[in-house]
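To start, the structure itself, in structure tokens.
Read-outs: derived from the displayed coordinates by stated rules, not from any lab. In this text the structure is predicted, and so the values were computed from the model without any measurement. Ideal geometry is used to build each Cβ from the backbone, glycine not excepted, and the neighbour counts take in all protein chains shown.
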Amino acid sequence: MSKSFFVDTTVCTACRACQVACKQWHDLPADVTTNRGFYQNPKDLSFTTYKVVRMSEKVIDGKMRWLFFPEQCRHCMEPPCRDTAGEESAIYSDSATGAVIYTAKTKGLKVKEITESCPYNIPRAKKDGTMAKCDMCLDRVQNGLLPACVKTCPTGAMTFGARDEMLALAKKRLQEVQAKYPKASLIDPNDVRVIYLVAFEPKEYHAFAVASADSVGISRQVALRKMARPLTRFVQAL
């Protein structure tokens, strides 16, 4: 059954338990960082950091706001990165959950093209070109467990389950939040499996919180390449 996350940023406290749990479960090393005079750490996602809690200080409607955004791969319903790669052994969607999985065979693919095709600027690569990102803790999910980040979240900001149930929960919670924050919204709920609820404009949280107009153009290019691929293979076989 297709799975989805629901992330309610209005109850996220930026404790970063999800960030740590992700590192622990995947046995990933800590990134070397520097003191930037800011609470967010590390600065960004990396080949060894699949999740980072972004923190933004913004003045909105005349008030100081402290915005938190637990960033991770959105596991798109139709992943541009998968279609750009065009190699199922390197990037594929798990048939049972919908999780978008990267393998060691991403090494040698066109990193720049794949990264630029992502509407949310998620994939990261190490020096040899191998790419990595959140894998939805597929090994845990396949064994009836919650993803590590969801399991460890102390405030209930993160929920995980059947996609239809998560969509229903997200829409119900949105109505509740809009009573206090009229501009609250769900980010791209029909296109992704990680559904964020935000109280303010998505761009206030992070530049890539919502798919940009540029990414729509890129996705169209990907779709055209996907359509043309069978013809290209036919010609090459002649």
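Tabulated data for the structure shown
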quantity: Stretch gain in nm, segment Asn121-Lys105, where the contour uses 0.36 nm per residue and the Cα spacing is subtracted; calculated: 3.7 nm
quantity: Under-5 Å amide H pairs with Arg65, H placed in peptide plane, nonlocal only; calculated: Lys58, Val59, Ile60
quantity: Pairs of lysine residues in segment 60-161 - Cα separation under 25 Å, sequence separation of 8 or more or cross-chain; calculated: 13
quantity: Selected from Gly156, Gly129, Gly144 as most flexible by GNM, with the chain as the system and alpha-carbon contacts under 10 Å; calculated: Gly144
quantity: Evaluated at q = 0.10, 0.12, 0.21 Å⁻¹: base-10 log I(q)/I(0), Debye formula over Cα of segment 110-215; calculated: -0.37, -0.53, -1.29
quantity: Between 0 and 90°, nearest 10: helix 163-178 axis offset from the chain longest Cα axis; calculated: 30 degrees
quantity: Binned Cα-Cα distance frequencies in segment 100-161 - 5 Å width, integer %; calculated: 3, 16, 21, 17, 15, 14, 10, 2, 0
quantity: Separation of the Thr33 and Lys183 label points, Cα + 7 Å toward Cβ, nm; calculated: 2.7 nm
quantity: No Cys partner within the rule (Cβ under 4.7 Å), the chain; calculated: Cys12, Cys15, Cys22, Cys76, Cys81, Cys118, Cys137, Cys153
quantity: For the chain, calculated [θ]222 nm from helices alone, where every DSSP H run of n ≥ 4 adds -39500 (n - 2.57); calculated: -9500 deg cm²/dmol
quantity: Alpha-carbon Rg with Dmax, taken over segment 136-187, Å; calculated: 13.3, 40
quantity: Residues Ser185, Ser4 arranged by fewest to most Cβ contacts within 10 Å; calculated: Ser185, Ser4
quantity: Linear extension gain, Glu57 paired with Glu176, 0.36 nm per residue minus alpha-carbon span; calculated: 40.4 nm
quantity: Extension reserve of the Arg65-Thr48 stretch, reckoned as 0.36 nm per residue once the Cα distance is removed; calculated: 3.1 nm
quantity: For the chain: relative contact order, % (alpha-carbon pairs under 8 angstrom, 6 or more apart); calculated: 27 percent
quantity: Cα-based reach from Lys43 at 19 Å (exclusive), listing aspartates and glutamates while leaving out same-chain residues under 8 positions away; calculated: Asp31, Glu57, Glu71, Glu204
quantity: Under 5 Å, built H, 5+ apart or other chain: amide partners of Met77; calculated: Val192, Arg193
quantity: Principal-axis tilt of helix 213-237 within the chain, Cα atoms, nearest 10 degrees; calculated: 20 degrees
quantity: Calculated from backbone phi, Karplus (6.51, -1.76, 1.60) coupling profile of segment 195-203 in Hz, x at Gly/Pro; calculated: 9, 9, 9, 10, 7, 10, 4, x, 5
quantity: Selected from Arg140, Arg36, Arg124 as most flexible by GNM, with the chain as the system and alpha-carbon contacts under 10 Å; calculated: Arg36
